[in-house]
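J.: One structure, pasted below without further comment.
Quick note: the coordinates plus some simple rules give every number you see, no bench work behind them. Just so it is clear, the structure is predicted and the values come from calculations on it, not from any experiment. Cβ coordinates were reconstructed from backbone atoms using ideal geometry, including for glycine residues, and neighbour counts include every protein chain displayed.
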Amino acid sequence: MKLIGATAHYVTEELDDGPIIEQAFAHVSHREEVADLIRKGRDTERVALATAVRLHLKRQVVICQGRTSVLSDKCHSE
């Protein structure tokens, strides 16, 4: 069993170096076709991006010293 994943992060001047907001992954196997892997990869990217945008818009992401903390809905609504 292998994993593929996607990471949504804030943009900085360095490529792929911004604070991480969300990571998503999917299980894959060596038996899958290339088209299946492409579909799973795109689905994983959509999930990570949609979640990251929602968290950002709801102001649930806190950045401190280049690292992120994500507040839960429970903490945020209090």
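J.: If R₀ is 25 angstrom, what is the calculated FRET efficiency for the pair Leu57 and Glu13, using the beta carbon separation as r and rounding to 0.05? It would help to have the intermediate numbers written out before the result.
T.: On the way: r = 24 Å, r/R0 = 0.95.
Approximately 0.55, to the nearest 0.05.
J.: Using Cα atoms only, what is the angle between the long axis of helix 34-57 and the major principal axis of the chain, expressed in degrees (0 to 90) to the nearest 10?
T.: Between helix and principal axis, roughly 10 degrees.
J.: Roughly how many Å is it from the Cα centre of segment 45-65 to that of segment 1-16, as a whole number?
T.: Each part reduced to its Cα centre gives a spacing of 13 Å.
J.: Find how much the distance from His27 to Lys40 grows on full extension, using 0.36 nm per residue of separation minus their present alpha carbon separation; answer in nm with one decimal. Don't jump to the answer; show the numbers that get you there.
T.: Values: separation 13, 0.36 × 13 = 4.68 nm, distance 0.87 nm.
Extra length available between His27 and Lys40 comes to 3.8 nm.
J.: Among His30, Ile4, Leu71, which residue has its Cα furthest toward the positive end of the charge dipole of the chain, with +1 on Lys/Arg Cβ and -1 on Asp/Glu Cβ?
T.: Result: Leu71, furthest along the dipole toward the positive end.
J.: With an 8 Å cut-off on Cα pairs and a minimum separation of 6 or more residues, tell me the relative contact order of the chain in percent. Write out the running numbers ahead of the final one.
T.: Working: 102 pairs, mean separation 23.1, N = 78.
Here the relative contact order equals 30 percent.
J.: At 37 °C and 0.692 mPa s, grab the translational diffusion coefficient of the chain from Stokes-Einstein with a Kirkwood Rh over Cα pairs, rounded to a whole number in µm² per second. Don't jump to the answer; show the numbers that get you there.
T.: Details: Rh = 13.9 Å.
The calculation lands on 236 µm²/s.
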